[in-house]
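Written out below as structure tokens is the structure these notes cover.
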Amino acid sequence: MDSSSPNCSNEMTEIKTLTLSELKTALTELGQPGFRAKQVYTWLHRGVRSFEEMTDLPKSLRQTLAEYYLLTAPVPIRRQESKLDGTIKYLWQLHDDNCVETVLMRYHHGNTVCISSEVGCAMGCAFCASTIGGLVRRLSAGEMLDEVMFTELDSGQPVSNIVLMGIGEPLDNYDNVCRFLELVNSGEGMNIGMRHISLSTCGIVPRILELAESKLQLTLSVSLHAPDDETRSKIMPVNRRWSVEELLDACRSYYDKTGRRISFEYAMIRDVNDSPEAARLLLRKLKGLPAHVNLIPLNHVEESPLKPSDRAVVLRFQKLLEEQGVACTVRRTLGSDIDASCGQLRKKHAQQASNQ
Ligand code: SAH
């Protein structure tokens, strides 16, 4: 699929990828009066599963829409709820039978939904389960919106925050992700504010610079995981294309353009990136850049030889950063009883399907 097109699937446009003004144009072309667009848009963003459910539209229009447009509505084929903290993980089946995961996390400040941006991932990070089978395809803007909407509908939990930290690399699906942000932020839709959205990237530098130009008020999370090129290139192939220095320069531009503090993710991997020297080098590299470092205890992935750092090592690393005034938190592990780390459930499902 061409990631720059507003999503054609089997020649049919996915209606939910259209913005309100695009929908207006489309409906005018079908000879409809001006007020119809808002009516249809509202139905779509309320999570109807078929045009038939749009009960205040003339029957003939519902039929015409069904002829011209694809209305996506993923089916939850797995739903796992953590007994420990109420985290819910969904495995959604998409219209072409591909699957993606979404996780709903309950925090004091509201419910956060972690969405996937691609089916699989091309980035090849050594510790990540999502990339094992490579990239299958990119998600459309409407499919990302579906993850948020149908998670809210199915769980009955209102969603106030979104993180693009599930399967896939959001900046590898740039146009569709930007379109998704516009849709989910729209006042006539879910109306989720940009400040309530975080986007996580492995470090695709030109796209970070492009995103900076759009001056969106979202939080940029950068998966750094190592402060030096030698280590980072070993665990993240993307670093062979854009070095740590190029990445951090892009982060500085991002901060200069948007005024938004960058959040750095750092998975603590035993004997790979967790030494006091690594912490000191990280401090030097982040000097002058308003940042927040989020240490993530590595989630062990079966296929990978990498192991999580000991708790004491994580805390020592955190202390070294904090002593020098860098904000640093250790991510709380949610849903550890339900494979809530990204890519694990989809991988398990694919393995089970191939064993049958
Ligand atoms: N492609 C994006 C978002 C996907 S993953 C990115 O790379 O940022 C969200 C975060 O989880 C990233 O920081 C990623 O590096 C991290 N991650 C992936 N697998 C992990 C694992 N097994 N343990 C801990 N963190 C992991």
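Quick notes on this one:
- Apart from one condition, SER82 fits all of (1) small (Gly, Ala, Ser); (2) surrounded by 16 or more Cβ atoms within 10 Å (Cβ to Cβ); (3) modelled with pLDDT of 95 or more; (4) in the same structural domain as GLY187 (by TED's automatic domain parsing); the exception is (3).
- Filtering the range 130-149 to residues that are surrounded by 21 or more Cβ atoms within 10 Å (Cβ to Cβ) and of a type outside the set (D, E, K, R) leaves SER130, THR131, LEU139, SER140, ALA141, GLY142, MET144, LEU145, VAL148, MET149.
Here's the yes/no breakdown for (1) closer than 22 Å to ARG252 by Cα; (2) within 15 Å of the ligand (Cβ to nearest atom); (3) open to solvent by less than 40 Å² (accessible area, probe 1.4 Å):
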position	(1), (2), (3)
LEU283	yes, no, yes
LEU289	yes, no, yes
LYS307	no, yes, no
ARG311	no, yes, no
LEU320	no, no, yes
GLN324	yes, no, no
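- Hits in the range 259-278 - residues which are farther than 24 Å from VAL301 by Cα and among the aliphatic types (A, V, I, L, M): ILE262
- Some residue of the range 88-97 being of a type in the set (Lys, Arg), modelled with pLDDT of 95 or more and in a strand (DSSP E or B): yes
- Residue that is modelled with the lowest pLDDT [pool: residues in the range 326-344 that are surrounded by fewer than 18 Cβ atoms within 10 Å (Cβ to Cβ) and within 15 Å of the ligand (Cβ to nearest atom)]: SER336
- None of VAL177, VAL272 is within 16 Å of the ligand (Cβ to nearest atom) and more than 21 Å from the chain's Cα centre (by Cα) except VAL272.
- Set SER253, SER275, SER243, SER263: member being closer than 17 Å to PRO308 by Cα and among the hydroxyl-bearing types (Ser, Thr, Tyr): SER275
- Residue check, VAL205 of a type in the set (Val, Ile, Thr), more than 12 Å from the ligand (Cβ to nearest atom) and touching a strand residue (DSSP E or B) at 6+ places or on another chain (Cβ under 6 Å): no
- Annotation: of all residues in the range 20-47 being touching a residue at least 24 places away in the same chain (Cβ under 8 Å) and aliphatic (A, V, I, L, M), the one that is farthest from PRO158 (Cα to Cα) is LEU30.
- Condition met for VAL244 (of a type in the set (A, V, I, L, M), in contact with a helix residue (DSSP H, G or I) (Cβ under 9 Å, 6 or more places away or on another chain), modelled with pLDDT of 95 or more and within 16 Å of the ligand (Cβ to nearest atom)): yes
- Flag if THR102 is under 18 Å from GLU143 (Cβ atoms), touching a strand residue (DSSP E or B) at 6+ places or on another chain (Cβ under 6 Å) and in a loop (DSSP other than H, G, I, E, B): no
- Extreme residue, nearest to ASN176 (Cα to Cα), among residues of the range 122-143 that are within 12 Å of the ligand (Cβ to nearest atom) and among the small types (Gly, Ala, Ser): ALA122
- Here ASN111 meets each of (1) polar (S, T, N, Q); (2) in contact with a strand residue (DSSP E or B) (Cβ under 6 Å, 6 or more places away or on another chain); (3) touching a residue at least 60 places away in the same chain (Cβ under 8 Å) with one exception, condition (3).
The values are calculated or read from the model by the stated rules, or taken from the named source; none is laboratory data. This is a predicted model, so every value here is computed, not measured. Backbone-built Cβ (ideal geometry, glycine too); neighbour counts: all protein chains shown. Only protein heavy atoms, including side chains, enter the accessible area calculation; ligands, DNA and RNA are left aside. Shrake-Rupley method; radii C 1.70, N 1.55, O 1.52, S 1.80 Å.
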